[in-house]
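Here, each number is a calculation from the coordinates, and none is a lab measurement. What you see is a predicted model, and the numbers here were worked out from it, not measured in a lab. All Cβ positions, even for glycine, are placed from backbone atoms using ideal geometry, and neighbour counts span all protein chains on display.
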Amino acid sequence: MKPRLTLLLLLIVVTPLAIVGWLGAKIVGDEQDVLQHRVSGLMTGQLRAVDAAISTALDAYQQRVLEEMRPFTVERDALRKRSRESALSMQFYVLEGAGKLLYPPVDSPGALTPSEREALARTAQIWDGGELLASVGESEATAETGWKAWYWGNGLQMMFWTREGQRIHVAEINRTRLLADLIAALPETDEVAPQLSGGRIQLMDATGTVLYQWGSVKNEEALKTAARIALRAPLSAWSLEYATAEAPGIGSVVAGGFLLTLLPALLLLVGLVLGMAAYFYREQSREMREAAQRVSFVNQVSHELKTPLTNIRMYAEILEREAGGEDERMSRHLNVIVSESQRLSRMIANVLTFSRGQRNALNLRYQSVVPDDVLRTVLEQFRPALSARGIDVELDLRIGEECSLDPDALGQIVGNLVSNVEKYAAEGKLLRMESGLDSLPSGLGRIFVVVEDRGPGVPAREQARIFEPFYRVNSLLTEGVSGTGIGLSISRELARLHGGDVVLEAKESGGSRFLVTLACRPVAAPTEGRPA
Amino acid sequence: MTNQTMKTALARIAVTMLVSLLALPLTMSGATVRLNVDAANPMLLSGGVRKTYVRVALTGMRSDRGVRAPVNVAIVLDRSGSMSGAKMAEAKRAAILALDRLRDDDIVSIVTYESTVDVLVPATKLYDRRAIRRAIEGIEASGSTALFAGVGKGARELRKFLDRNRVNSMLLLSDGLANVGPSSPGELAQLGTSLGREGITVTTIGLGLKYNEDLMTRLALASDGNHFFVEEAEDLEAAFATEFGDALSTVAQGVTIHLDCPEGVRPIRVLGRDASIEGQRVHASLNQLYQDQTRYLLVEVEVAPGAAGRVRPVANVTVGFRELATKTDQQLRGDASITYTNSASTVESRKNREVMVAVASQIAAERNKVATALRDEGKIEQAREAFRQNKVYLQDKAVELAAPSLKDEAKVSGEAEASVADEAQWNRARKQQMESNVQVQTQRAPKAAPKKKQE
Amino acid sequence: MKVLIAEDDRNIRLGLEEILREEGYQTVLAEDGREALDLYRREAPDFLCLDIMMPGVNGYDVCREIRRHDPDLPIVFISAKSEEIDRVLGLELGADDFILKPFGVREVLARIRAVTRRSIARQRHTEAPRPFQMDDLEVLPGELRAKREGQTIDLSLRDVKILELLHRKRGQVVDRGLLFDECWGLDHIPNSRTLDQHVSQLRKRIERDPKEPRIIRTVHGAGYRFEQETE
């Protein structure tokens, strides 16, 4: 009886646990597969971007070589001088249409200089077999320039040719210099810290030897190839690889390990507690991870985003000015484009500030400005968005004199606060902004800006955490509101750098009230420059 | 004043004038650079084809302006795992001390490399020294050695402010074998050539006994830079100091030398330096010229027969350079000629001692290379004999030409001779050998004697 | 006033051109550093808008090269990276101002006007544009500003030209043709809508009551006129 009871008990406890465990493991597994797939897509995308960068650098090299080859000449002394002085090419050659070398003077071997003789020995295969001519012939008849790659000595050698009438002018590229220039155009490890966390990109030659790599990794041995592409022509023998050191999934540890130990009751309890903890941890950390991923993504693309964004914003504003407010519907639509592009600008600025902050690379640039003008400009940007959500603005601005401070920092700090009102506190229908200047006995000044709303406010237990990066008050209200979750953290960081702070002040009746303080220097004694 | 003393004084003045007039075609001097063109044998034996050497010597003069040219320097540091500990600490200290010698308007960049590369300080003026110092102090060693990429990135930083009126140089430190990216001496030499043509000089410092001296010396030679073998980390400071001392005393750069041989004279080869011979012309270039230092081009020429008493011009030289003090392009001209004689003893007694010292030095450097190659092939005995002969050659020349500098070079050959058999000793001797060769070939300063360590 | 815009993105280049032309500047465009140096030598611009990251010769190099010839020429840098701007300042290339991408029209105008003011002040010893009064508005051409009762109104270069012309011809009708020739220049295609719009925008800023203009009055079928009543 007793053993059967134990067995039954065991069955009752173990079976659901096993099922839960199996399901859990499967879900985690599936999720990882999906994630894996998505990640490798992202990586390939990154590699393509690198390939494009290499291609651009190669184009630039080509352009400079072409400049060295001009004006076209067959004059021996001029070509010798060029070959002697060129930093990009080893030797120049000129072919006549039928493939015969006009320079170096192969017809009179006695006239060859030692370096010309060496060059001809090096490239004999190309001239004797008519390979270059063949390659020129294969290219489109309209092509004016092209590359010819061949193997000799240390690996891939390259020639760049260009047509001039019946003649073909050729530059034998200094291969190591080209490689050094391509490398110079690629990122360094310290530049990419936030994007490539734990990953490494490697440029490899035809034999799979690493030519250059970047991205810092803890354990080089654990690196595994996660994605690989071949470079585009003419460097198609080379490849790019994305390698990462894989981290074990969080879920699998929890789900897998416990089935082995059979301490039923205790285990069930522990399992439940752990399971819940794991669930919450996973939820929480997934959110954090996703937010961090979003930031990392924006950081990667932000500089590239800026050019199209500039165009969208600038042209929308040009259009807005042209329309001159005559067509109301049109201005409304334009307003949306302008204010949304401004929102995107803000987001990018935040992300970049954040990653610079992480690298201790934040700098302030002091200028003489009227702080109220800065505040008005910020509000002006938000005007369409605020009025669309029915939020009235109440102003009490009192810093009409010039101060020395960083207007971009002030704009960014206050912009983030106003943006939060627009996103989270629209139901209060009011935004109040107040500004003022305190003179301190030291002669330094301190400005303060209050941003206040009548929204739902921040719950007391969350108040301490809202300044942490990626933290978002977890309630129904934040659903459907997108953002990176770093705005407040950045605002505070910037303010502190600026000798001040951002704090959430206690408020009796609903809503929240943020107080920004910044140290500023009096303009009377102009001290342009940055703090040490 | 008596008539007699008056006469003597006049005569003296006349002689001085005459001498300076005579010297004029041979010595031409811009404000900051002096050019001397000399034949090793101003007198040649008549009646046959003869060989001699022509030396084109350029000396940086003391600048009276007292203002040195601004520099644009990239410090490229190895921070691979093998550097950890005292080596890294000394390297950082040497770099920081070197920076103290720079002015605020100089430009510096700092690149570190291990498996990957970091541009620690992108090219910047030295207004914020504290930040730069902090960056250097924060360097930690780990990983492999991506030397090629380090040089590439350093060059990129220099290129941002490449300026003919600035001294553009890179200081590369490595203690190990390059193992990420191109790492053969030939490839690095090719890169060095390219950088040299752009006006960037790469000086290399090999630290300890495990670096590849072929790679480091060829990179330096190809870009007209210096090379130092620093066995003990504590001597890094002296090497940095010498290199910065050179850079800071640069008076001219972008020096081009064109030497034309007239009819009846044929250039055969150039000793020690990369130069191109195109028929009757020789082209060579030097990146920098330092104050109080003489650098030269040495050309072996073949001279057609002539009758005694006949004078034959052997070289017409044009030198162009950027004078840093005035930020202007300058040109100097000079020539050399020989006179035929029937007397062998006159030929001997009129030999130009300085040129002969240079020739001996260059020839010994070439022979040392041959001896080193023999040792590399495992022909130990042949190598020992070659080094011994070279040592004796240099010792003899030192006595014959009363040149103590040759005696020092003989010592280096002697050490090589003594250590060919033992692997560890040979490793050290080979590095010394190569270091000495670079300094002979580029006529650059050996590193300063290390300062006494402070207690 | 002639502005050289060097920027490798075609759309940004053309957009900036449009904004600046609208403001009353002449423009020359370069798509890379080399062309910028070329045009600088050929066209002798009054100031430069210079993108930093351009292919080939970059903005730093262009600036450095130009500073050799003209240490005072106003240069406004454009960049997507604030790090690059830090570098510009750190190197003391003598930037007069900088614009960070992405920028809006208002920001560009504010910076350009500030630089223009400085540039005019720089040339002041040669030819000083004198302040003048239009109704109760004091126009300060050298500062690209007008003042009324202590309030400052920002003006564009073109606004100033228009007001100067109307003031010079006070009491007379200034027809559209003349206004175009003097204030837009010959390279613009005359378009009455452009002109009317500009005037209407200008009125909104300088008139007490834009519906009852006292400074720029419309003379129907002819043009515009300013009447100095107190003189």
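Overview of values
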item	result
Residue among B:Gln280, B:Gln293, B:Thr256 farthest towards the positive dipole end of the stretch B:186-295, charges placed on Cβ	B:Gln280
Averaged over A:311-323, number of beta-carbon atoms from partner chains that fall within 10 Å	5
Kirkwood hydrodynamic radius of chain C, from inverse mean 1/r over distinct Cα pairs, in Å	18.9
Stokes-Einstein translational diffusion, the stretch B:178-321 - Kirkwood Rh over all Cα pairs, 1.567 mPa s, 4 °C, in µm²/s	75
Residues B:Thr294 and B:Lys411, FRET efficiency given R0 of 22 Å [Cβ-Cβ distance, rounded to 0.05]	0.50
Chain B - Rg over Rh from alpha carbon coordinates, Kirkwood radius	1.01
Magnitude of the charge dipole, the stretch B:285-332, Cβ model with Lys/Arg +1 and Asp/Glu -1, debye to 20	120
From the C-alpha gyration tensor of the stretch B:237-321, square roots of 5λ in Å	33, 12, 12
All-pairs alpha carbon distance profile, the stretch A:143-193, 5 Å steps from 0, percent	5, 16, 19, 17, 15, 12, 8, 4, 2, 1, 0
Projected-area average for the stretch C:1-123 over all orientations - Cα convex hull basis, square nanometres	6.6
At most 16 other Cβ within 10 Å, DSSP loop - GluC sites (Glu not before Pro), the stretch A:44-151	A:Glu75, A:Glu96, A:Glu140, A:Glu144
Label point distance in nm, A:Arg117-B:Asp105, each placed 7 Å from Cα along Cα→Cβ	5.0
Euclidean distance between Cα centres, the stretch B:318-379 to the stretch C:19-83, Å	49
Candidates per GluC sites (Glu not before Pro) in the stretch B:200-260, loop by DSSP, up to 15 other Cβ within 10 Å	B:Glu231, B:Glu232
FRET efficiency, A:Glu380 to A:Leu8 (Cβ-Cβ, R0 60 Å, nearest 0.05)	0.20
Beta bridges by DSSP in the stretch B:38-185, antiparallel share as percent, to the nearest 5	35
For the stretch A:65-136: span of alpha carbons on each principal axis (Å, largest first)	29, 28, 19
Inter-label distance, nm, simple model (7 Å from Cα along the C-beta direction), A:Leu274/B:Asp422	6.3
Extreme residue, positive dipole direction of chain C, given options C:Ile5, C:Val62, C:Val199 (C-beta unit charges)	C:Val199
Estimated translational D of the stretch A:64-185 in µm²/s (Stokes, Kirkwood radius over Cα pairs; 37 °C; 0.692 mPa s)	223
From the C-alpha gyration tensor of the stretch B:266-402, square roots of 5λ in Å	30, 24, 16
Summed side-chain charge close to A:Pro407 - residues other than A:Pro407 whose Cβ falls under 13 Å, Lys, Arg +1, Asp, Glu -1	-4
Calculated FRET efficiency for the pair A:Lys429/C:Arg170, C-beta based, R₀ 56 Å, to 0.05	0.65
Whether the stretch B:35-84 is rounded, prolate or oblate, judged on the alpha carbon gyration tensor where a/c under 1.5 counts as rounded	oblate
Estimated inter-spin distance, A:Phe72 and A:Ala49, nm [label 7 Å along Cα→Cβ]	4.0
Cα-based radius of gyration of the stretch B:254-303 once divided by 2.2 N^0.38 Å, which approximates compact folds	1.21
Check: the stretch C:3-76 dipole with +1 on Lys, Arg Cβ and -1 on Asp, Glu Cβ, in debye	260
